[in-house]
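Engineer: Shown below is the structure under consideration.
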Amino acid sequence: MAKVRFVKMHGAGNDFLLVDDRDGSFPIDDHRRIAAMATRPGGVGCEGVILVQKSDCADFKMRFFNPDGTEADLCGNGARCVA
């Protein structure tokens, strides 16, 4: 398993792991890995993993993954941290 560089941020009482994935190398289909990162007892622990990726129509885009590894459409507090 390759190492993942991240920053842990807090926004309005929630905590997130932010990953710079502009090179597209993060394994977004590995839901178990995302869940393992987010779990508090054995992982870093967070309420969501956020990827900052390249965008075709903006400076970047954000993708939010719930602690169980599933992707969600939006996270307001997470967007606050990305900004």
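The values are calculated or read from the model by the stated rules, or taken from the named source; none is laboratory data. This one's a predicted model, so the numbers in the text were calculated from it and none came from an experiment. All Cβ positions, glycine included, derive from the backbone under ideal geometry; neighbour counts span all protein chains shown. Heads up: the accessible areas ignore ligands, DNA and RNA and are worked out on the full protein's heavy atoms, side chains in. Shrake-Rupley method; radii C 1.70, N 1.55, O 1.52, S 1.80 Å.
Engineer: Out of all the residues in region 1-12, is one or more open to solvent by less than 30 Å² (accessible area, probe 1.4 Å) and of a type in the set (Phe, Trp, Tyr)?
Structural biologist: No, region 1-12 contains no residue that is open to solvent by less than 30 Å² (accessible area, probe 1.4 Å) and of a type in the set (Phe, Trp, Tyr).
Engineer: Residue check: is residue 22 touching a Lys or Arg at 6+ places or on another chain (Cβ under 6 Å), open to solvent by 40 Å² or more (accessible area, probe 1.4 Å) and modelled with pLDDT of 95 or more?
Structural biologist: For residue 22, the condition - touching a Lys or Arg at 6+ places or on another chain (Cβ under 6 Å), open to solvent by 40 Å² or more (accessible area, probe 1.4 Å) and modelled with pLDDT of 95 or more - is met.
Engineer: Tell me, which residue of region 46-61 that is out of contact with any Leu (no Cβ under 7 Å at 6 or more places or on another chain) and in contact (Cβ under 8 Å) with a residue 12 or more places away in the chain is farthest from residue 30 (Cα to Cα)?
Structural biologist: Filtering region 46-61 for residues that are out of contact with any Leu (no Cβ under 7 Å at 6 or more places or on another chain) and in contact (Cβ under 8 Å) with a residue 12 or more places away in the chain, the one farthest from residue 30 (Cα to Cα) comes out as 60.
Engineer: Return a yes/no flag: does region 49-64 have any residue that is among the basic types (Lys, Arg) and over 13 Å from the mean Cα position of the chain (by Cα).
Structural biologist: Yes, that holds for at least one residue.
Conditions (1) part of a loop (DSSP other than H, G, I, E, B); (2) at pLDDT below 95; (3) surrounded by 13 or more Cβ atoms within 10 Å (Cβ to Cβ), marked per residue:
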| site | (1), (2), (3) |
| --- | --- |
| 17 | no, no, yes |
| 28 | yes, yes, yes |
| 33 | no, yes, yes |
| 37 | no, yes, yes |
| 52 | no, no, yes |
| 56 | yes, no, no |
